[in-house]
Amino acid sequence: FDMSEYSHHEANIEFCGSDKVYKHGNKGNFTSFIEDNPQCVVLFDEIEKAHSVITNLFLQMLDAGIIRDNYTDKELSLENVWMIFTTNAGKQLYENSELSDFSALSRKVIIKALKDDINPLTNQPFFPAAICSRFASGNVAMFNHITPHNLIDIAKKEIANSASVFERESGIAI
């Protein structure tokens, strides 16, 4: 889920549905997905762009392990859902660092960077302390910078994979 699509004040209606009393009421995008895929991995990309209403829903999801679809009034379990959150918040760790291997950073340093990063549009932290504490109880990973050498390795693997699929499906050796 690209969270920039949930940045407006009525984002929760798209995310977890609208009440049936509304003229064009619908199930939520996220809740519909969970209802259809109760065992899944969900990626929430760039969560710092989500409206605070959605951030509060994340708190409920992480604490209670459930979410309610407002249209169907069904409570959906998130017990078998793996949630991955990505963010650009805390980017100062990358910008102000000479590190090349970010796996050495402690969870405490990463969470502090997330707490301290300020949204320039609101002059408020991107995430309330409550959500940062939930992040601290999960697994937090920093990705290293991609170097030209990394890109070449990725390209070689993708080309080899494509060639293998082509050879298998066409019977023509490359």
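Solvent-accessible area of the range 15-58 (1.4 angstrom probe, protein heavy atoms only): carbon and sulfur portion equals 48 percent.
For the range 100-159, the carbon plus sulfur part of the accessible surface works out to 62%, probe radius 1.4 Å. Surface analysis of the chain yields an accessible area of 66 Å² per residue, using protein heavy atoms and a 1.4 Å probe.
For Asn80 and Ile152, a Förster radius of 30 Å and the Cβ-Cβ distance give a FRET efficiency of 0.20, rounded to the nearest 0.05. Distances between placed amide hydrogens fall under 5 Å for Phe44 paired with Ile84, Phe85, Thr86, all partners being 5 or more residues away or on another chain. To the nearest 10, the accessible area of Leu93 is 30 Å² with a 1.4 Å probe. With each label modelled as a point 7 angstrom along the Cα→C-beta vector, the Phe33-Asn123 pair spans 3.5 nm. Computed from backbone phi, the HN-Hα couplings of the range 117-127 come to 6, 9, 6, x, 7, 10, 6, 10, x, 4, 10 Hz, rounded to whole numbers (Karplus: 6.51 cos²θ - 1.76 cosθ + 1.60, θ = phi - 60°; Gly and Pro given as x). Distance between the 7 Å Cα→Cβ label points at Ile159 and Asn56: 5.3 nm. Annotation: for a label point projected 7 angstrom from Cα along Cα→Cβ of Val42, residues of the range 122-160 with backbone N closer than 18 Å are 131-132, 134-135, 138-139.
Model label points for Phe166 and Leu99, set 7 angstrom from Cα along the Cα-to-Cβ axis, are 4.1 nm apart.
What fraction of the DSSP beta bridges in the range 36-117 is antiparallel, stated in percent and rounded to the nearest 5? Intermediate values should be presented prior to the final figure.
Details: 4 of 9 bridges.
Of the beta bridges lying entirely in the range 36-117, close to 45 percent run antiparallel.
For the chain, the dipole from Cβ point charges (+1 on Lys and Arg, -1 on Asp and Glu) about the Cα centre works out to 300 debye, to the nearest 20.
Of all DSSP bridge pairs formed entirely within the range 1-144, close to 50 percent run antiparallel.
For the residue pairs Lys91/Lys156; Lys49/Lys115; Lys23/Lys74, the alpha carbons lie more than 26 Å apart in Lys91/Lys156. Listed options for Rg and Dmax of the Cα atoms in Å are (1) 17.8, 57; (2) 16.7, 50; (3) 20.1, 61. The value calculated from this structure is the one marked (3). Phi angles across the range 37-44 convert, under the Karplus curve 6.51 cos²θ - 1.76 cosθ + 1.60 with θ = phi - 60°, into 3J(HN,Hα) values of 9, x, 10, 7, 10, 10, 9, 9 Hz, Gly and Pro given as x.
The values are calculated or read from the model by the stated rules, or taken from the named source; none is laboratory data. Nothing here was measured: the structure is a model prediction, and the numbers come from that model. Glycine also receives a Cβ, built like all others from the backbone with ideal geometry; neighbour counts cover every protein chain displayed. Quick note on the areas: whole protein, heavy atoms, side chains included, nothing else; ligands and nucleic acids left out. Shrake-Rupley method; radii C 1.70, N 1.55, O 1.52, S 1.80 Å.
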